[in-house]
Amino acid sequence: MEQYAIKGGNPLVGEVEIGGAKNAALGLLAAAIMTDETVTIDNMPDVRDTNVLLQAMESIGTTVNRVDRHKVEITGATINDVVIEDDFIKKIRASYYLLGALLGKYKKAQVVLPGGCNIGSRPIDQHIKGFKALGADVKIAHGMIVAEAEKLVGSHIYLDVVSVGATINIMMAAVMAEGRTILENAAKEPHVVDVANFLNSMGADIKGAGTDVIRIKGVQKLHKSEYAVIPDQIEAGTFMMAAAATKGDVLIKNVIPKHLESISAKLIEIGCEIEESDDAVRVVASRPLSHTHIKTLPYPGFPTDMQPQIAVTLALSSGTSIVTESIFENRFKYVDELTKMGANIKVEGNSAIIDGVSKYTGANISAPDLRAGAALVIAGLAADGFTTVDDIVYIERGYEDFDAKLRKLGAQIEKVTSDKELQKFKLKVG
Ligand code: UD1
């Protein structure tokens, strides 16, 4: 048993340093194997998802040298296999990035078909459509996706849905294809831009990342690079919500405020004060918060990965808010848990209708997935009394030192592994 024990009620106050973006790091790590030279990646978050991807990369022969906690050297020259086994894809979906990277480099890749995930069905038809358009033969056999090509040739590809994963995967497959690729209706998320910038630093010729048309001119080969991952938009947004929900005052450092605009705008709308500087945002929640409506959308819209965290905040704000999830169909699983804490939320189809309450009360709850888990921790921090959050392994997939960072802001939270430790925590915090 590993859980967070929380004694809520303290406003979070102080400064927090945001780490490298998990979702960017996953793309970057896969892309790093595309050269035989050694690539150095800094500002890597030390979280379970990136560590599992590194293991998957090692399983096919990649040399991984951890220089320090946040810096890694990757050498793809030692790769001796193009098959990614079941274990890794089960643990992290993003090992499918190795499909694009291996196909782009070796013209052959075999990865277990990613199964459904607990936020809804997540097809990969757009990834496959892109690989096929580049000339690969893609088959699904025995639960594996097998992609192979004599040669890859640039193509004009129009994505039917805006997909971060498909955009990054197709970009990787196309960088060393012959000729030009035009990818339309591409995702514009900051991590798409980061992967494009990284590939360009390795000698690729990618233009337009961050707009919905990406143009790629194939190059013969890629070379070494030293690169630092961008700050994590979602980790930053999560601390912004923690500040708001606990009526706190938090300076969130090492961020790109532009990436946080959709989140800042909503917090201002409900009554928070936001101060932006070059690489920090300060969130002050000194007044009672009010309601708003949210609809998740691809970037620059409001991120689906922030939907549970803002719902937790809105459920403590006066009036009725409606949160509509338009990216994933099963992303309200935290609502039952939040109801145990006194929230008043009704889910109808892909919308949650939230009637704000004045407080939460502590309860024993479980994290249903990564972001919802973080949101429930925020609820615990805002609640009266004790909360325990189970299944924190989900949270550790994407947040480095989450409890330690929160403690630095005055939160009473500890990771406990037994009943005895839980009792000790309760005695300590009263
Ligand atoms: C990435 C993020 C995830 C985030 C999501 C949306 C990573 C590792 N994960 O996930 O945290 O929640 O973007 O911002 O970066 N779709 C298809 N066919 C496809 C691909 C996607 O129909 O081939 C649909 C999905 O079901 C979903 C939508 O497109 O409804 C967006 O998915 P996508 O952007 O691909 O999400 P991921 O890349 O899996």
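Label E184 and K217 with points 7 Å out from Cα along Cα→Cβ: what is the distance between them in nm?
2.2 nm
Taking every alpha carbon pair in segment 1-140, what does the distance histogram look like in 10 angstrom bins from 0, in percent?
Calculated P(r), rounded to whole percents: 11, 36, 31, 14, 6, 2.
When N is the residue count of segment 188-291, what does its C-alpha Rg come to as a fraction of 2.2 N^0.38 Å?
Numbers: Rg = 17.6 Å, N = 104, 2.2 N^0.38 = 12.8 Å.
My calculation over the Cα atoms of segment 188-291 gives 1.37.
Modelling each spin label as a point 7 Å along the Cα-to-Cβ direction, I'd like the T324/K139 distance in nm, to one decimal.
Modelled inter-label distance: 4.4 nm.
R0 = 41 Å: FRET efficiency of D160 with K428, Cβ-based, nearest 0.05?
Values: r = 54 Å, r/R0 = 1.32.
The formula returns an efficiency of 0.15 here.
Give me D for the chain in µm² s⁻¹, whole number, from Stokes-Einstein with Rh from the Kirkwood sum over alpha-carbon pairs, 4 °C and 1.567 mPa s.
Working: Rh = 22.1 Å.
Estimated diffusion coefficient is 59 µm²/s.
Using a 1.4 Å probe over the heavy atoms of the protein chains, calculate the carbon and sulfur portion of the accessible area of segment 158-299 as a whole percent.
Working: 2740 of 5510 Å².
Reported share for carbon and sulfur atoms: 50 percent.
Strictly over 22 Å apart at the Cα level, which of K359/K428; K71/K253; K91/K221; K107/K132; K107/K221 would you flag in this model?
Details: K359/K428 24 Å; K71/K253 20 Å; K91/K221 31 Å; K107/K132 12 Å; K107/K221 13 Å.
Table pairs above 22 Å Cα-Cα are K359/K428; K91/K221.
Taking every eigenvalue of the Cα gyration tensor of segment 117-211, multiplying by 5 and rooting it, what semi-axes result, largest first, whole Å? Let's see the in-between values first.
Details: eigenvalues 86, 66, 26 Å².
Over the Cα atoms of segment 117-211, the ellipsoid semi-axes are 21, 18, 12 Å.
What is the Cα coordinate range of segment 292-377 on the first, second and third principal axes, sorted by size from largest, in whole angstrom?
Cα spread of segment 292-377 along its principal axes, largest to smallest: 34, 27, 21 Å.
Remind me, what semi-axes does segment 2-42 give for its equivalent ellipsoid, largest first in whole Å, using sqrt of 5 times each Cα gyration tensor eigenvalue? The partial results should precede the final answer.
Numbers: eigenvalues 277, 37, 12 Å².
The answer is 37, 14, 8 Å, longest axis first.
Got a number for the accessible area of S201? Probe 1.4 Å, square angstrom, nearest 10.
Looks like 40 Å² after rounding.
So if the hydrodynamic radius of segment 22-228 is defined as the Kirkwood radius over C-alpha pairs, what does Stokes-Einstein give as its diffusion coefficient at 37 °C and 0.692 mPa s, in µm² per second? Spell out each step's value before the answer.
Working: Rh = 16.4 Å.
The diffusion coefficient I find is 200 µm²/s.
Report the calculated FRET efficiency for Q55 and E17 (r = Cβ-Cβ distance, R0 = 35 Å), to the nearest 0.05. Write out the running numbers ahead of the final one.
Values: r = 27 Å, r/R0 = 0.76.
That gives a FRET efficiency of 0.85.
Accessible area per residue, 1.4 Å probe, Å², for segment 22-228: what's the number?
Working: 8020 Å² over 207 residues.
Accessible surface, normalised per residue, equals 39 Å².
If contacts are Cα pairs under 8 angstrom and at least 6 residues apart, what is the relative contact order of the chain in percent?
21 percent
Using label points projected 7 Å from each Cα along Cα→Cβ, tell me how many nm separate K129 and A404, to one decimal.
Roughly 4.4 nm, to one decimal.
Three principal axis extents, largest first, for the C-alpha atoms of segment 359-430, in Å?
That gives 30, 27, 23 Å along the principal axes, largest extent first.
The values are calculated or read from the model by the stated rules, or taken from the named source; none is laboratory data. Bear in mind that the values here come from a model prediction, so they are computed numbers and not experimental data. Using ideal geometry, Cβ is built from the backbone for each residue, glycine included, and neighbour counts are taken over all protein chains shown. Protein only, heavy atoms only, side chains kept; ligands, DNA and RNA dropped before computing areas. Shrake-Rupley method; radii C 1.70, N 1.55, O 1.52, S 1.80 Å.
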